[in-house]
Structures are given as structure tokens and as C-alpha cells.
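The values are calculated or read from the model by the stated rules, or taken from the named source; none is laboratory data. Every value quoted in this text rests on a predicted model; they were computed, and no experiment measured them. Quick reminder, even Gly has a Cβ in these numbers, built from the backbone with ideal geometry, and neighbours come from all protein chains shown.
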């Protein structure tokens, strides 16, 4: 019997996957044209014009631990809380820093126009923007931030790249420096939560005690979620850059389009390249 040839299935181009996940765009014209009025009419996207995207991403409200303090003033546990408030604040600050870094990167690669945005979409768009700077050389690394730039980038490309490095730093900070401390803080808050429960029925301000218990439990959940998210992002990024050679042609093809149009921002790249 003859041996059948084993054919490796073709990997779908990431640019195609991105295009499929982009939602219909409504834009406000900033230039005049035959199908536009001079009062800023609403129109479907036309990549030949400089337009402002009007898609709005309804983001979840900031986590309650960001906007609330662990305040037990007026309760019998007020003095005891001083020992545990730093643990709560540490988790809150770590979460705030990580969330800000992730949100800023997603914003700069124009997440708002995606149905189901995944971080590799943002990486691909960033690489297209970086490659749209032909005078710069991109060096791929085996560890975060996975990219090194030789040369001076366009300001919009530099903004995306800087936000990426900040995100990678936030991830590495959690995994290298903060994971053990986050776990320690969570365990201490578990102890404090139990102490609060034991004293809640004797408190003259039970509502404040109940709120503190709720915030402690939220902080414990957040500390665990932060580590999981950081590990997930690091693994996804590692896998993406481990197969970067297979993606280079696709990236360069889209970057050439960006060069032809003189575009660098995530919004313009999404609109002018992937939405058409």
C-alpha cells in the first residue's frame, strides 16, 4: 500500500480573522463629498476619507474595589482594620494599574470596532503600525515585550508600542513580583473577613460591617483573577510570537497598505485596511 501524503492544514491569515470580527461602522465625515453634507452627516465608512469613528464600546463600570475604601470608622473594629487596610489597598492598586494598562492598549488598537476582540488582534494591528515605518527595524524577542525597535517611530506607532510595553510590564510585575504578595494579602483579608463576620451582629453599624465583608471578598476574587489573567496573556503572547515567522507575510502585506495610505493609528488601520 502506498503512503498518503500528510498535508498540514493551512493556517488562516490573522488579517482575515480580524476582518470577520469587525462590526459595521458609522462615521462622521470630516471632509465634503458627493454623498456627504457639510454639517457632519452620518455615513457608512469610506476609507478614502479622513473620518471619525462613532462606534462606542460600552465598557463595564470600574470594579467596586477601585471606587470604595475599606472604611470601618464608627465600628468596634476600626482600630483593628488598620492592620488589614494596606492589604486591601495593595490589591486595589495592582488591579487599577493592570486594568489601566490593558484598557489603554486595547483603546489604541481600536478595540471598539470589534465584535469579539482578542489580544492577538491588537498585537497584529500594532505590528502593522510598526511595520508602516519602513525606516525602522523590528527585532522579535523570545521574552516580553517580544519586540525591540531600531529607529524612530511615527508618533502614533510609538504610542501603541509604548502602551504595549507598559502592558507587558504590568503582566510581568504581577507574575514576578506580585503573585506571592497578592496571595498573602488575600489570605489576610480572609482572616479579616471572618473577624468581621464574628462581630457583625454586635455592631452598632452593621451596614458598614457588611460592606467591608463584601469588599474583602471582592478583593480576594480580584487577586486570584489578576494572576489568572496575567498568565493567560503571557501564554497567548508567547504562542503568537513563537509562530511569528508564519505571520510575517500577512503582516507585511497589510503594512504595505498602511504605507501607501500613510496611516499609523489603530483606528485608521482598522477602518482603512481591515474594514474593507
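Which of the following residues is more than 17 Å from the chain's Cα centre (by Cα) and farther than 22 Å from residue 262 by Cβ: 117, 98, 82?
82
Check the range 180-191 and report whether any residue there is at pLDDT below 95 and surrounded by 17 or more Cβ atoms within 10 Å (Cβ to Cβ).
No, the range 180-191 has no match at all.
Of the residues that sit in the range 67-77 and are surrounded by 13 or more Cβ atoms within 10 Å (Cβ to Cβ) and farther than 20 Å from residue 223 by Cα, which one is farthest from the chain's Cα centre (by Cα)?
Only one residue tops the list, namely 76.
Of the residues that make up the range 261-275, is at least one part of a helix (DSSP H, G or I) and surrounded by fewer than 18 Cβ atoms within 10 Å (Cβ to Cβ)?
Residues of the range 261-275 part of a helix (DSSP H, G or I): 261, 266-274.
Next cut, surrounded by fewer than 18 Cβ atoms within 10 Å (Cβ to Cβ) only: 261.
Yes, some residue in the range 261-275 is part of a helix (DSSP H, G or I) and surrounded by fewer than 18 Cβ atoms within 10 Å (Cβ to Cβ).
Condition check: in contact with a helix residue (DSSP H, G or I) (Cβ under 8 Å, 6 or more places away or on another chain), assigned to a loop (DSSP other than H, G, I, E, B) and farther than 23 Å from residue 263 by Cβ. Does residue 144 satisfy that? It would help to see each step written out before you state the result.
Values: in contact with a helix residue (DSSP H, G or I) (Cβ under 8 Å, 6 or more places away or on another chain): yes; assigned to a loop (DSSP other than H, G, I, E, B): yes; farther than 23 Å from residue 263 by Cβ: yes.
Considered against the rule, which asks whether it is in contact with a helix residue (DSSP H, G or I) (Cβ under 8 Å, 6 or more places away or on another chain), assigned to a loop (DSSP other than H, G, I, E, B) and farther than 23 Å from residue 263 by Cβ, residue 144 comes out as yes.
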